[in-house]
Amino acid sequence: MIGRRGSGRSHALGSAGFNVLFIQLSLFLSLVEARPPDEVLTGDLTILAIDQKDQSGRWTSRTLPLLVGAGGEVTTLKDPSNLLGRYPSGKSVRVTGIRTGQKLLATSVQPAGGNASANASALAVPPPSIRGQTTLVALLNYADNPVQPFTLADVRQKVMDGPDSANKFILESSLGGVWLESDFIDWHTLPGKQSDYFG
């Protein structure tokens, strides 16, 4: 019998308690022993930006890190600790991790020398150049159809300023390397009929 002193009561821990403790300890040890060994892969890091609508119809963005090896093999990486966050897409890295199904759970990331996949894979994206893209946005209609279904402010919102604008998409997809520098021209009516321009 195992008890506490000074409480006036003793608590018995019978053999059932030891059995439960032994089973839990055995289960823990078997899980530790069953952990797969670390895997080390070297390749070019490719970060895909994925924009999609959620169930409420709002656009959401997420990134999907991939490692492209020298032979063109692609491994999806899981990175809950954000170890890959400091490496740009196209950077050659050595990733140590634990294989979980088709993915590798990254536990360590280090720069690797050289370009591991060379030209083996179209997924290997070079780091983006830092530059603005000059863009002209002109609102045009036709002599036989002079409707103006939206305002210049609506278009500016969709192209440059809105939360789901083309500029935001390009900026996020290029990891901050490319953005739009847009000029806008308000509605102008072309001299011909709509069929003159579209056959």
Filter region 108-122 for residues that are assigned to a loop (DSSP other than H, G, I, E, B), surrounded by 14 or more Cβ atoms within 10 Å (Cβ to Cβ) and of a type in the set (A, V, I, L, M); the one that is modelled with the highest pLDDT is A112
I'm checking my understanding of the structure. Among residues of region 172-199 that are part of a strand (DSSP E or B) and polar (S, T, N, Q), which one is farthest from the chain's Cα centre (by Cα)? T189
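Every residue, every condition in (1) modelled with pLDDT of 85 or more; (2) among the small types (G, A, S); (3) touching a Gly at 6+ places or on another chain (Cβ under 6 Å), yes or no:
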site	(1), (2), (3)
A34	no, yes, no
V40	yes, no, no
G43	yes, yes, yes
D54	no, no, no
L77	yes, no, no
P80	no, no, no
Q102	no, no, no
A106	yes, yes, yes
Qualifying residues in region 52-67 (those that are out of contact with any Asp or Glu (no Cβ under 8 Å at 6 or more places or on another chain) and part of a strand (DSSP E or B)) - the one nearest to P111 (Cα to Cα): L66
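Mind listing whichever residues of region 69-100 are part of a strand (DSSP E or B) and free of Cβ contacts under 8 Å to residues at least 60 places away in the same chain? Explain how you work it out, then say what you get.
Keep residues of region 69-100 that are part of a strand (DSSP E or B), which gives 74-78, 92-100.
Selection gives V74, T75, T76, L77, K78, S92, V93, R94, V95, T96, G97, T100.
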Any idea which residue in region 123-171 is modelled with the highest pLDDT, counting only those that are within 30 Å of A70 (Cα to Cα) and part of a loop (DSSP other than H, G, I, E, B)? I130
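The values are calculated or read from the model by the stated rules, or taken from the named source; none is laboratory data. The model shown is predicted, which means the values in this text are computed figures rather than measured ones. Reconstructed Cβ throughout: ideal geometry from the backbone, glycine too, with neighbour counts over all protein chains shown.
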